[in-house]
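A.B. asks: Below: one structure in structure tokens.
Please treat every number below as a calculation from the coordinates, not as lab data. None of these values were measured; they are calculated from a predicted model. Glycine gets a Cβ as well: all are built from the backbone with ideal geometry, and neighbour counts include every protein chain shown.
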Amino acid sequence: MLDKVEALIAKLIDEVEYTKANELFAKLLGGKRLRARLILTIAPEAPTAPLLGAIVELIHAASLLHDDVIDESQLRRGVPSVNATEGSKTAIMLGDILYSKAFSELTSFDPAISRSIADSVTKLSVGEMMDVEMVTEFNSDRDLYLKMLYLKTATLIEACAYSAAVLAQKDAFAHATYGKNLGLAFQIVDDILDITADEKTLGKPSLNDFVEGKTTLPYIDLYESLDENGKKRLIENHAQVLNEEEKGWIHTQMARHSIIERSYGYARALCDEALEAIGEDAALRAIIETVIQRSH
């Protein structure tokens, strides 16, 4: 079924009728297609599910293009980003093409679906803005961080699950809860991997989020566990290029206070709540396990 999604993505890009867009989009690595897989898993018999999956993947790709410009990222999934090779203006315009094409196709769906996806993109943009604002200083507010995480990452996955359930005539709100928690857990695991995985696996340096000024959940957990001197040292390292001594200190403190285990535990609790919402569904359980157990 994912083959159908890939074919439809290619078709939608072709319909733009701009060769440059095709060339640039071809350079983007597809990734895990989590959002499309989720839609196909919830609504496997719905004829329009592959198209909805393709639309959502265009939206996701557009958001990543804009995100890379905002973060001035030189790599995306281990290869040079579009803004690195073609410039920020081109990356932004390609993102705009993908967004607008996706929204054009979305108008053919049930208004409940198109409204849900469109609303999630508004929330996603707010989350991006919050993320930019929050890198200016160390953030120790867990609730604020989780709100940003929901808006920036989980809301689109929530909308995918809700919309797929509408297509399949299943309990849309229960599936929305599943999608929201899946999205939160997915990003928290990403936060953890930024600390635990090596550069080759990540496609970027370890602890890169912290160097860029992002205070993710493990750092908030760590801050709460440190004494006053430790808190001061952590804040002083925030948004700084870290030498090996400071990297070592952060890793040591993470281990001493079982921070990674604590953050994983929170992600696991979100996953359990997601599964409780939708009941016995082996396929959706498998997606949850793939997210929580992934190593990159």
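A.B. asks: Pairs Lys11/Lys147; Lys20/Lys147; Lys27/Lys147; Lys89/Lys170; Lys101/Lys170: which exceed 30 Å Cα-Cα? Don't jump to the answer; show the numbers that get you there.
C.D. replies: Working: Lys11/Lys147 36 Å; Lys20/Lys147 37 Å; Lys27/Lys147 32 Å; Lys89/Lys170 42 Å; Lys101/Lys170 28 Å.
From the list (Lys11/Lys147; Lys20/Lys147; Lys27/Lys147; Lys89/Lys170; Lys101/Lys170), the Cα-Cα distance tops 30 Å for Lys11/Lys147; Lys20/Lys147; Lys27/Lys147; Lys89/Lys170.
A.B. asks: Please work out the Cα center distance from segment 97-170 to segment 224-244, rounded to the nearest Å.
C.D. replies: Each part's Cα centre sits 32 Å from the other's.
A.B. asks: Report the relative contact order of segment 1-111, percent, no decimals, based on alpha-carbon pairs under 8 angstrom and at least 6 residues apart. Kindly include the intermediate steps, with their values, before the conclusion.
C.D. replies: Values: 103 pairs, mean separation 29.7, N = 111.
Computed value for segment 1-111: 27 percent relative contact order.
A.B. asks: In the Gaussian network model of the chain, springs joining C-alpha atoms below 10 Å, which of Ala282, Ala174, Ala164 carries the largest mean-square fluctuation?
C.D. replies: Ala282
A.B. asks: At Met129 and Ser104, where each label point lies 7 Å from the Cα along Cα→Cβ, what is the point-to-point distance in nanometres?
C.D. replies: With each label placed 7 Å out from Cα toward Cβ, I get 2.7 nm.
A.B. asks: How high is the relative contact order of segment 109-296, in percent, counting Cα pairs under 8 Å that sit 6 or more residues apart?
C.D. replies: Details: 231 pairs, mean separation 46.3, N = 188.
Relative contact order comes out at 25 percent.
A.B. asks: Per DSSP H run of n ≥ 4, the term is -39500 (n - 2.57); total these for the chain, divide by its residue number, and report the mean residue ellipticity at 222 nm rounded to 500 deg cm²/dmol. Before the final figure, lay out each step's value.
C.D. replies: Values: 17 runs with 221 residues, N = 296.
Counting only the DSSP helices, I get -23500 deg cm²/dmol.
A.B. asks: Work out the length of the dipole vector of the chain about its Cα centre, built from +1 on the beta-carbon of each Lys and Arg and -1 on the beta-carbon of each Asp and Glu, and round it to the nearest 20 debye.
C.D. replies: Values: 31 positive and 47 negative charges, 93 e Å.
The calculated dipole for the chain is roughly 440 debye.
A.B. asks: Provide the net charge surrounding Arg35, with neighbours chosen by a C-beta distance below 12 Å and charges set as Lys +1, Arg +1, Asp -1, Glu -1. Walk me through the intermediate numbers first.
C.D. replies: Details: positive: Lys32, Arg33, Arg37; negative: Glu57, Glu158.
My count for the surroundings of Arg35 gives +1.
A.B. asks: Take the chain, mark every one of the GluC sites (Glu not before Pro) that falls in a DSSP loop and has at most 11 other Cβ within 10 Å, then report the longest stretch left between them, sites excluded.
C.D. replies: Details: sites that count: Glu17, Glu45, Glu72, Glu280.
By the stated rule (loop sites, at most 11 other Cβ atoms within 10 Å), 73-279.
A.B. asks: Further question on the same structure: Could you identify which residue out of Arg285, Arg256, Arg76 has the top mean-square fluctuation in a GNM of the chain using Cα springs shorter than 10 Å?
C.D. replies: In the Gaussian network model the winner is Arg256.
A.B. asks: Determine the sum of side-chain charges near Thr155: Lys and Arg each +1, Asp and Glu each -1, restricted to other residues whose C-beta is under 15 angstrom from that of Thr155.
C.D. replies: Details: positive: Arg35, Arg115, Lys123, Lys147, Lys152, Lys180; negative: Asp67, Asp119, Glu128, Asp131, Glu158.
Here the count lands on +1.
A.B. asks: How large is the charge dipole for segment 116-223, taken about the Cα centre, if only the Cβ atoms of Lys, Arg (+1) and Asp, Glu (-1) carry charge, to the nearest 20 debye? Don't skip to the end; give the middle numbers.
C.D. replies: Working: 9 positive and 17 negative charges, 82 e Å.
It comes to approximately 400 debye.
A.B. asks: Take the Cα radius of gyration of segment 109-296 and divide it by 2.2 N^0.38 Å, with N its residue count; two decimals is plenty.
C.D. replies: 1.10
A.B. asks: So how strong a dipole does segment 1-135 carry about its Cα centre when Lys and Arg Cβ are +1 and Asp and Glu Cβ are -1, to the nearest 20 debye? Walk me through the numbers on the way to the answer.
C.D. replies: On the way: 14 positive and 20 negative charges, 65 e Å.
About 320 debye.
A.B. asks: A further question follows. What net charge do the residues around Arg262 carry, taking every other residue with its C-beta under 15 Å from that of Arg262, with Lys and Arg at +1 and Asp and Glu at -1? Walk me through the intermediate numbers first.
C.D. replies: On the way: positive: Arg142, Arg256, Arg268; negative: Asp191, Asp221, Glu224, Glu261.
Combined, the nearby Lys, Arg, Asp and Glu give -1.
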